[in-house]
Amino acid sequence: MGKPKGKGAGGGSDGGLRVAGGVQKKSQKKGPNTGVSGLEFHKSKGQHILRNPLVVQAIVDKAGVKSTDVVLEIGPGTGNLTVKLLEKAKKVIAVELDPRMVLELQRRVQGTPYANNLQIIHGDFMRVELPYFDLCVANIPYNISSPLTFKLLAHRPAFRAAVIMYQHEFAMRLVAKAGDNLYSRLAVNTQLLARVSHLLKVGKNNFRPPPKVDSSVVRIEPRHPPPPVNFLEWDGLVRLCFSRKNKTLGAIFKQTNTLQALETNWRTYQALQGNAGAAAPPAAAAGGIASLGAAAADDDAMEDDAMDGDDDNDDAMTVDGGAGGGGGGGRGGRRAGGKVSPEFKELVMKVLEDNGLDTNRSSKMSQEEFLQLLALFNAAGIHFA
């Protein structure tokens, strides 16, 4: 007698497993957000696992991992990238928040020749204290891209390079140059501290679950040593200049609220130092660098800058002045009753006009020009923090 159609060994007519009380159907597919280990990936936690082995290998190759390197990986997930890094590096330090992924990572390397070369730090990357590392290679949660980048750049001792997967648009903003549409405070702050280059674009279908956007791999090489600037002052200046990046500096610095905030700082420094040309007090480098991580959020709030015309009407926008020398680019009207002394307004415009900077626009200014602008203002006793 022939074998009944559709039956496996000991199975039911539908190919399922026969159990007490009937036939248990086999599940032929995994959930949409599960991987080979059956783990569910949470989009809300930024868990998009890079599954294409060719892309994983390309990232490792472009990172230039040496056999003597200690490599930091952020958010290793199920370990697709981790395993490849372990094959090349002396040691991999993986920072992972999800305990399920920690267990999966431990299971995956158990019994391998490099199991002892993996150190797992279970915790939130933004809260943990980072140990020494030579290289950072990571597919990161995109929702912390900016603060994560500046935490890395603030780390001491400085590392050789970071090769990081970002959301494509964020990556393009990181590498944008003066004159590009995406040139912003984020680009200026990052490129002050590091050389940044785009390496590879990665389509959304290379991930499980697929994100809504494409991704890009960027290489970041910290400058050794970092530029000798007060980073809080620097950020105050750049924040103000990019409050309307297509307006001239002359128009930006004529705004009443801007002048009020700067004059408050000016008089404070005069009182504290006894003369208008006193230098700003030093700021801790790591804290100052880490504070630049708010740049991306502020840039998002000012995306319409790219749509601005070149109208230099002083009343078009006023900056919400404050102790930071310009605040975050608020759009309210002038504060009632606010006054700026003629001598201070003349001092500010003299700095700009005497150095031919009053007609410059932030969207086209280089790092060197921003550094020059800060030095000139500070020399005149004008401070931004």
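Since every read-out is calculated from the coordinates, none of them should be taken as a lab result. Just so you know, these numbers come straight off a predicted model, no measurement behind them. When we count neighbours, we look across all protein chains shown, and the Cβ atoms used for this are built from the backbone with ideal geometry, even at glycine.
Considering only alpha-carbon pairs that sit under 8 angstrom and 6 or more positions apart, the relative contact order computed for segment 78-121 is 53 percent. Projected label points at THR264 and SER197, each 7 Å from Cα along the beta carbon direction, are separated by 4.5 nanometres.
In this structure, the pairs whose alpha-carbon distance is over 26 Å, taken from LYS88/LYS212; LYS66/LYS201; LYS151/LYS201; LYS212/LYS247, are LYS88/LYS212; LYS212/LYS247.
Roughly speaking, what is the stretch gain from LEU54 to GLU129, that is 0.36 nm per residue apart minus the C-alpha to C-alpha distance, in nm to one decimal? If you can, show how the numbers build up before the last one.
Details: separation 75, 0.36 × 75 = 27.00 nm, distance 3.23 nm.
Residue separation times 0.36 nm, minus the Cα-Cα distance, leaves 23.8 nm.
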